[in-house]
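Laboratory data are not the source of any read-out in this text; all were calculated from the coordinates shown. Bear in mind the structure is a predicted one, so any value in this text is a computation, not a measurement. In this analysis, Cβ positions are derived from the backbone assuming ideal geometry, glycine residues included, and neighbour counts consider all displayed protein chains.
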Amino acid sequence: LGLQWVTQHQTYCFADNDFIIQLIFCPWVAVQQFVNTQLSTQVVTIDKARLLAGKAITWLRSLSRATPAENDTIHEGCLILEQHCRSALGEVEIRTIEALLQSRIAANQAFAARLLLLKQHSFNFDGVPDGLFHNLLANDYAPVRAAGMAIITAMPPEQQLKRPELILHCCIAPYQDTRQQIRLLLPAMIQLDNRLAIWLVNELVPKLMRKEASAGIHQDMANILSNELVNYLHDINTATALRLLYANYPAAQEFGVLVLEKYIPPAALSLKQVIATGNHELLTVRTWCWHFFEQNIARIRYERDTAIALLDASWEDTRQFAKTFFTTQFSENDWTPETLIAIADSVRPDIQAFGRELLTRYFNAADGTAYLLKLSQHPSVNMQVFATTYLESYAT
């Protein structure tokens, strides 16, 4: 009924600036939508916009507290003001904006940050301290963080590059929206000066192996390192890559796999280190181990006595891969009696069986006595029974 009366007497009602302010900051969404629509059909003169902006800011500064619902109402009202009084708001003095930034009302802080943004063509952002951005980005009210990021985004890459600590802060900020938004700015900065990328890599990698300060930080840092910074990982050495692989956090482990694949040459790893990854709890890491074997067949054959340790992996999928690999990639000339016996000497029944299968397939009569002597000492009954097949011919 109230909106009906206002509509019937619109010229009279909208001539009263105090009344418009009350509509703009009314707690009912329908009323805010109504005043926004009505103002869109009118020409708001610069003088009227100045009056509305002045009254609104005076009222906002008078507030000392606000509930979450009131915060949302204030935020929506400020957006309406910005839509219809933009030019007037661009004239607001810096000291007034600073006062709003100090407000206890989160919506006021977001409004003040957006007012700063309106002055970007006449204001030197070099004078804005990093601490101000830290406060905005740490606010639990999303519009405040969005306004802070909007200011950073509005800076040209040359100015952003002057604030590497701030860029790092955004990468590890407590809120995911900030961490994800900074990714959009990184390519332009890195293209201008790739030293930022190298510095960020050296800062982020150690943090990837420490406890998260906020949920999801590890994954977001790993995403940045694996995408925007992926071409600048060459400072990560083998020891660091392996520490990542065995860190306590899945995001670090998966990133460690990427580093191994892209930047660590196979020769830099011992085969024992590679085999250890076949025991990793993360499937991605175990898969990397399997690919290493497939891509370095000549080396595996050369180091076969070490390589067969993969058959004793704690994960069944790794053991299955190893059995398939040694069956398909090794021929009779690649085996020695000692190596075959070592496989059959496994404590795992399935690998013992695999060893007996290989011994049968590649049996050489000249080595019969060696097979009998070694196999007869095995504690497993199955292996002792298998050894008896050599008794009649080789028990000299």
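Brief remarks follow.
- Sorting the segments 83-92, 249-258, 230-239 by their mean number of nearby beta carbons within 10 angstrom, highest to lowest, gives 249-258, 83-92, 230-239.
- Rounded to the nearest 500, the 222 nm mean residue ellipticity of the chain from helices alone is -20000 deg cm²/dmol, with -39,500 (n - 2.57) taken per DSSP H run of at least 4 residues.
- Most to least packed among 54-64, 181-191 [average Cβ atoms within 10 Å]: 181-191, 54-64
- Nearest-ten-degree value, helix 142-154 long axis tilted from longest Cα axis of the chain: 90
- Translational diffusion of the range 222-319, estimated by Stokes-Einstein from the Kirkwood radius over alpha carbon pairs at 10 °C in a medium of 1.306 mPa s, is 115 µm² per second.
- The modelled label-to-label distance between residue 132 and residue 5, using points 7 Å beyond Cα along the C-beta direction, is 4.4 nm.
- Order by protection proxy (mean Cβ within 10 Å, highest first), peptides 93-102, 284-293: 284-293, 93-102
- As a length-normalised measure over Cα pairs under 8 Å and 6 or more apart, the relative contact order of the range 1-133 settles at 22 percent.
- Net lengthening on full extension, residue 303/residue 120 (0.36 nm per residue, minus Cα-Cα): 59.4 nm
- Net charge dipole size for the chain [Lys, Arg +1 and Asp, Glu -1 on Cβ; Debye, nearest 20]: 640
- With respect to the chain, whose longest principal axis is taken over its alpha-carbon atoms, helix 195-207 is tilted by about 70°.
- Each residue, residue 154 and residue 142, gets one label point 7 Å from its Cα in the Cβ direction; the gap between the two is 2.2 nm.
- The long axis of helix 217-226 is offset from the longest Cα principal axis of the chain by roughly 70 degrees.
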